[in-house]
Amino acid sequence: MAVTTPASTSPLTTDVAIIGAGPVGLFAVFECGMLKMRCHVIDTLEVIGGQCAALYPEKPIYDIPGYPQIMAQDLVDRLAEQAAPFTPAYHLGQQVTGLERQENGCWRLTTSKGTMIDATGVIIAAGCGAFGPNRPPLAGIEDYEGNSVHYLVQRREVFRGQRVVIAGGGDSAVDWAISLAELAEKVYVVHRRAKFRAAPESVGRLHRLAESGKVELVIPYQLAGLEGDGRQLSGVVVADLEGQHKTLPADSLLPFFGLSMNLGPIADWGLKLDHHHITVDPATCETSAAGIFAVGDIAHYQGKLKLILAGFSETALAAHAIRPLVYPGEALHWEYSTTKGVPEGETAAP
């Protein structure tokens, strides 16, 4: 369990400050810890786990090596357990609002709660920054939100026995259609084209479910309206490309049209950006500012893949690039973790 460190009136010091406590940020603690670097982790949420914990804790994830399937919250729990031996300091429920270089070369982070942290290196693992759902333009949809219109799934069991309409063609829509088909009375998937933008294996599973009758693909259609009492849905109106309408009986609507992205204060730190992403050197994940690195979905370089496993790899690159800053002139005698194990107790307390 992550313990939040109380705010301090004087600057705290650490080797590495990690902005973002999602899966990639948590794995960065492990990678830095294996190189004997202390970490402080800052996140705007009150709990660790990022989007996995806040948006879809019960969503199955299929592309984590060694796990054919793992729930998002279970992945967060395993990553926290993996980071725990290195005693990271967590500063939760606060946003990094300032980042300035000090005369001694360190970076000082200031948070919305007044916490100050001086770090030799900084890893930005902020996912997509501040995020919120892209709301479909349907009249009166706000009245149904939180009752029968949901932009995320925190508990699958809520939808047991329901008629569920899922709108979208990406990974979230496809994955949740597969998952909820196990317990919903009926699952409709509404998409404006026949081709889905999800992982090919997942799309194949979706089509097999459709062939078996467990899922109905409503394509090519798009959302056109809502029917209900202003709180509880009774139906979702959809329209085809010719404007012909039909109503799908529904108890819940799950629109998965992605997240709106806002970098927040990160946009004012003078880093080189590319369409709301931070440009990095793919060999080290270093940004345009020496000593600041970006990993995970927020990082951009040619050939970038927005996968959790890519973010995990990037944390290793960043940690190894930061180590010479923390231990200047000291050679690294590298050993595999299978050889040296996890150096419990060797990493000083934050």
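The values are calculated or read from the model by the stated rules, or taken from the named source; none is laboratory data. Worth saying up front: this structure is predicted, and the values here are computed from it rather than measured. Please note: Cβ atoms are built from the backbone with ideal geometry, for glycine as well, and neighbour counts cover all protein chains shown. Accessible surface areas use protein heavy atoms only, side chains included; no ligands, DNA or RNA. Shrake-Rupley method; radii C 1.70, N 1.55, O 1.52, S 1.80 Å.
For the reader, a short list of remarks on this structure follows.
- Size descriptor, Kirkwood hydrodynamic radius, that averages inverse alpha-carbon separations across the chain, Å: 21.8
- Fraction of accessible area attributable to carbon and sulfur, segment 55-186 (%, probe 1.4 Å): 46
- Peptides 32-38, 17-23, 197-203 ranked from most to least packed, by the mean per-residue count of other Cβ atoms within 10 Å: 17-23, 32-38, 197-203.
- Of 253, 241, 233, the one that fluctuates the most in a GNM where the chain has Cα springs shorter than 10 Å: 241
- The ratio of the alpha-carbon radius of gyration of segment 84-184 to the globular-protein estimate 2.2 N^0.38 Å is 1.63.
- Computed helical MRE - 222 nm, the chain, DSSP H runs ≥ 4 contributing -39500 (n - 2.57), nearest 500: -6500 deg cm²/dmol
- Surface calculation, 1.4 Å probe, protein heavy atoms: residue 320 sits at approximately 70 Å² accessible.
- Partner lysines whose Cα lies under 24 Å from the Cα of residue 340, excluding those fewer than 8 positions away in the same chain, are identified as 36.
- For segment 129-253, the solvent-accessible area works out to 49 Å² per residue, with a probe of 1.4 Å and every protein chain left in place.
- Spatially proximal lysines relative to residue 195 (Cα-Cα < 24 Å; intrachain offsets below 8 disregarded): 59, 186, 214, 246, 304, 306
- Kirkwood-type radius of segment 184-240, with distances r between different C-alpha atoms, in Å: 12.6
- About its Cα centre, the dipole of the chain is roughly 460 debye, where the only charges are +1 on Lys and Arg Cβ and -1 on Asp and Glu Cβ.
- Candidates 133, 65, 85: whichever shows maximal mean-square fluctuation once the chain is modelled as a Gaussian network with Cα springs under 10 Å: 65
- Sorting 263, 226 by solvent-accessible area of protein heavy atoms yields 226, 263, largest first, with a 1.4 Å probe.
- Summed residue charge, Cβ within 14 Å of residue 318's Cβ, Lys/Arg positive, Asp/Glu negative: -4
- Largest-first ordering by accessible area, 1.4 Å probe, given options 145, 314: 145, 314
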